[in-house]
2 protein chains.
Amino acid sequence: MSLIVHKYGGTSMGSVERIQNVARRVAKWHAAGHQVVVVPSAMSGETNRLLGLAKDISPRPNERELDMLAATGEQASSALLAIALMEQGVAARSYTGWQVPVKTDSAYTKARITSIDDARIKADLADGRVVVVTGFQGIDDEGHITTLGRGGSDTSAVAIAAAIGAQECLIYTDVDGVYTTDPRVVPEARRLSVVSFEEMLEMASLGSKVLQIRSVEFAGKYRIPIRVLSSLTDPLMSLEEEMTSGTLITFEEDQKMEAAVVSGIAFSRDEAKLTLLAVPDKPGVAYSILGPIAAANINVDVILQNQSVEGTTDFSFTVNRADFPRALEVLEQQIGPAVGAREIRSDDKVCKVSVVGIGMRSHVGVASLMFRTLSEEGINIQMISTSEIKTSVVISDKYMELAVRALHKAFGLDQEGGSL
Amino acid sequence: MSLIVHKYGGTSMGSVERIQNVARRVAKWHAAGHQVVVVPSAMSGETNRLLGLAKDISPRPNERELDMLAATGEQASSALLAIALMEQGVAARSYTGWQVPVKTDSAYTKARITSIDDARIKADLADGRVVVVTGFQGIDDEGHITTLGRGGSDTSAVAIAAAIGAQECLIYTDVDGVYTTDPRVVPEARRLSVVSFEEMLEMASLGSKVLQIRSVEFAGKYRIPIRVLSSLTDPLMSLEEEMTSGTLITFEEDQKMEAAVVSGIAFSRDEAKLTLLAVPDKPGVAYSILGPIAAANINVDVILQNQSVEGTTDFSFTVNRADFPRALEVLEQQIGPAVGAREIRSDDKVCKVSVVGIGMRSHVGVASLMFRTLSEEGINIQMISTSEIKTSVVISDKYMELAVRALHKAFGLDQEGGSL
């Protein structure tokens, strides 16, 4: 008997029939003797419907009230799932975030979990119940409802798994696992059966939309194995079959028997690049540039500084494309004049492509193969950024698909057991 | 400056535009210096939509989970109203029942309020905020969400008004007040500007659908004046005009300056009559009959027992028509044989028509005018039941409209200052 957390996304909860299928799957796990906590998202479309009503009333709705509003989606889906479980003959009970309670800070619409009380969940599990806990939400110290932001139910599930000491957190979604890259771009993309926590962290941060990045951070911090798998399979398939499907995200490197050097190619199209040319090179110049950008609440991703001629330096950075107009305004009106840059250049038609792999730690040649591949395709590299387990390049976004496909092939990711 | 509770029904909250109109109206009250607590229902159709999903999943959904589900409707509408108020420039904050908290017993789907903590509401009012509190719901001693049953938001509003010591509870709805009878049956029906609490209680219990009966009981217990008025008027009409519109339900009899003897004609079509003929008349016979009916969870309304010939008695009672098949089954299979009735008769085509008026206490002749009027129309009276302020008759339901119109005219209710 093990203690397992299941998380179901909005698509998996999207209709009465799908909720019934979720209940059948959970009932199967329960019947096999496992203790199960289920964390559902709101029915697909519901959160958008609610936030749309708010936007129709106010262009900038109050965030406390937005959380009050949005939290109802998961409360409703959780109650419906508990009803469906009881209809399957399984004792079940649903709880909201505040009932558990899942305590968070007070950063409405993007709150962070600070603690989870496991007493109520554990008592119901001991009574033989399946416990359904709303994803996405919590309660702050003042008793106000908070939400964790889009995709927050993943984080809820992993945090609950950590709090109750679950053996594994199964994230059921509408894809059947984590792929070497996006199959819509590269049809040969393969599902990974195992991926390390660090790789998943890089892939999530680099634009793979399978899991919310904070859920992966949580999993790493509390060493909770996550399995990403499909909710669209036969809910009554055997447990053995189910536990070998999907992708296991593990923090045990040795579990990954046939570890490839490179696990996947991640990419993100929503990038924009800003460059200050010939800034007088003196201490504090980086802070003079990035301080005002941070003050404008804009996240900076890749940062590059090159020595230029005659005591000046060129300084480049990338931001999310949605923040580009604001970043450019700050650069032109405040920073440029202040630091005495000769020229400001900008390009909002760039993308970032990254090769990710835990094997890069011990294998040389990954970066050079990457650069050679891009060069053979005639793709100019504008910026390079590296970490222990990834190498990223910023290139013109018109080459994105070409670059991803070429790299996927060059690293042998389209072949079982591939990658160098 | 006074402290006022506003309650808005589902129709009044039924769209973004209507919620904005509610916000305009509340903002007007707030701008005039009043402290306002607003209790909204769920947007019209929402509660039915949610309960429909539950019914699609299970024919008899668990009631704790139903409350968890249904409570989301008011939480969403309350947050939307707070957002709309802030958009009008009014500081506002919404609270769920558990946040206040509104404590109830644990009778899911039909819970009763046991206490309301006014601290949080009062603190926000003192800070100049409009406070929005979800109607219809509360929390029990174990921390589970409860709901008060259909129309429960009226009860929430009156209970909150009592808890915070409000001067008046304004119930905004899609009708503009309480009428002498249903205008769909009698076009000459007039709106009453004042009605006593006791009359309203009788009218609500006799089928006038304007207010949930428990809200009227609450208002009487805590002596909270209620005004029923329309939410479909111009939200920016003057406060003076607004405070003379609708119907004031008062417990101060002397406020009702031009008190009529009879205030209205109430009726209910959903009645059924059951009769046991020639039951041996001995002590305890009423209990032998009504005990099993109560055990079957069937409410009995009018009860009549007449001495019959030779030591037997005829026993009749009415039940809600929906309970009729079950009541008849209990009567035929259990009670009839047990008490030795000669015959069982039943009629599910009856209705109840009642003349209601606090003036009946001190005026004779109301009952006789009622019986004479019905007799002149050739309507046979099957049962009669009286209380201090009402006289009810059970008649064939095909005469219902005829009886209501004739009585409305006979008591002069179609004329201003009418009724005898």
| remark: Buried by partner chains in segment A:68-85 (accessible area down by at least 50 Å² vs chain alone, 1.4 Å probe, heavy atoms, protein only) are A:68, A:69, A:72, A:75, A:80, A:83
| task | May I ask you to report, in nm to one decimal and beginning with the shortest, the distances from residue B:165 to the same position in the other copies, taking label points 7 Å along Cα-to-Cβ? | result | 5.2
| Which of the listed residues, B:98, A:300, B:324, is farthest toward the dipole's positive end in the protein assembly as shown, when Lys, Arg count +1 and Asp, Glu count -1 at the beta-carbon? | B:324
| note | residue A:150 and residue A:269 label points (each 7 Å along its Cα→Cβ direction) are spaced in nm at 1.5
| request: Order A:30, A:363, most accessible first, counting only protein heavy atoms with a 1.4 angstrom probe. | output: A:363, A:30
| field | Order of exposure, largest accessible area first, which applies to A:354, A:368, A:387 with probe 1.4 Å | value | A:368, A:387, A:354
| Accessible-area composition of segment A:355-403, carbon plus sulfur, in percent [1.4 Å probe] | 49
| Those aspartates and glutamates that a straight Cα-Cα span of less than 18 Å connects to residue A:122, excepting residues fewer than 8 apart in one chain | A:168, B:142
| Loop-resident sites, segment A:326-407, for GluC sites (Glu not before Pro), counting at most 11 other Cβ within 10 Å (DSSP) | A:388
| note | Magnitude of the Cβ-charge dipole (Lys and Arg +1, Asp and Glu -1) of segment B:3-254 about the Cα centre, nearest 20 debye, reported as 440
| task | Find the sum over both chains of the accessible area lost when B and A are paired, probe 1.4 Å, and report it in Å² to the nearest 100. | result | 3600
| field | Inter-copy separations for residue A:297, label at 7 Å along Cα-Cβ, nm, ascending | value | 5.2
| Under a no-solvent Debye model with one identical scatterer per Cα of segment B:264-410, what's log10 I(q)/I(0) at q = 0.09, 0.12 Å⁻¹? | -0.31, -0.54
| query | What is the P(r) of segment B:1-146, as percent of Cα-Cα pairs per 10 Å bin from 0? | reply | 13, 40, 33, 13, 2, 0
| request: Give the cross-link partners of residue B:352 among the lysines, using a straight C-alpha distance below 30 Å as the criterion and excluding same-chain residues fewer than 8 apart. | output: B:110, B:209, B:221, B:256, B:273, B:282, B:390, B:398, B:409
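What Kirkwood hydrodynamic radius, in Å, does chain A give when the mean of 1/r is taken over all pairs of distinct Cα atoms and then inverted?
23.2
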| said: I'm a student and want to see the number: the projected area of the Cα convex hull of the protein assembly as shown, averaged over all directions, in nm². | reply: 44.0
| task | Using DSSP to define loop residues, name the trypsin sites (Lys or Arg not before Pro) in segment B:123-185 whose beta-carbon has at most 14 other beta-carbon atoms within 10 Å. | result | B:150, B:184
| message | As I understand it, the dipole of the protein assembly as shown uses +1 on the Cβ of Lys and Arg and -1 on the Cβ of Asp and Glu, about the Cα centre. Which of B:193, B:283, B:32 lies farthest toward its positive end? | response | B:193
| What percentages, rounded to whole numbers, describe P(r) for segment B:3-254 computed over all alpha carbon pairs with 10 Å bin width beginning at zero? | 8, 33, 37, 19, 3, 0
| query | residue B:105: accessible area at probe 1.4 Å, nearest 10 Å²? | reply | 50
| field | Spin-label model distance (nm) - residue B:385 vs residue B:286, 7 Å beyond Cα toward Cβ | value | 1.3
| Computed helical MRE - 222 nm, chain B, DSSP H runs ≥ 4 contributing -39500 (n - 2.57), nearest 500 | -10000 deg cm²/dmol
| According to a simple spin-label model (label point 7 Å from Cα along Cα-to-Cβ), what is the distance in nm between residue A:329 and residue A:303? | 2.3
| note | Here the correct list, in nm and shortest first, of distances from residue B:414 to the same site in the other copies, label points 7 Å along Cα→Cβ, is 8.8
| Computed lengthening from residue A:415 to residue A:364, 0.36 nm per intervening residue step minus Cα-Cα distance | 16.3 nm
| remark: For segment A:264-410, the dipole about the Cα centre with charges only on Cβ (Lys and Arg +1, Asp and Glu -1), to the nearest 20 debye, works out at 380
| Please state the relative contact order of segment B:95-237 as a whole percent: Cα pairs under 8 Å, 6+ residues apart? | 23
| query | Using alpha-carbon pairs under 8 Å, 6+ residues apart, how would you state the relative contact order of chain B in percent? | reply | 14
| message | Just to confirm, what accessible area per residue do you get for the protein assembly as shown at 1.4 Å probe, in whole Å²? | response | 41
| remark: Among residues of chain A, the one whose beta-carbon sits nearest the axis that rotates A onto B, given with its distance in integer Å, is A:72, 2
| Only Lys, Arg (+1) and Asp, Glu (-1) charged, at Cβ; chain A dipole about Cα centre in debye | 280
| said: On a 1.4 Å probe surface of the protein chains, which of A:103, A:409, B:273, B:349 comes out largest in accessible area, and what is the full order? | reply: A:409, B:349, A:103, B:273
| Considering only protein heavy atoms, what is the solvent-accessible area of residue B:326 at a probe of 1.4 Å, reported in Å² to the nearest 10? | 110
| message | Looking at the protein assembly as shown only, what percent of DSSP beta bridges run antiparallel? Nearest 5 please. | response | 65
| query | Taking only C-alpha pairs under 8 Å that are 6+ residues apart, what is the relative contact order of segment B:3-254 in percent? | reply | 21
| request: Please sort through the DSSP H helices of chain A and keep those with an alpha-carbon extent of at least 24 Å along the long axis and a Kyte-Doolittle average not below -1.0. | output: A:63-87
| Bridge type composition, chain A - antiparallel percent by DSSP, nearest 5 | 65
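The values are calculated or read from the model by the stated rules, or taken from the named source; none is laboratory data. Predicted, not measured: the structure shown is a model, and the values here were computed from it. Don't worry about glycine lacking a Cβ; one is built from the backbone with ideal geometry, like all the others, and counts go over all protein chains shown. SASA here: full protein model, heavy atoms, side chains in, ligands and nucleic acids out. Shrake-Rupley method; radii C 1.70, N 1.55, O 1.52, S 1.80 Å.
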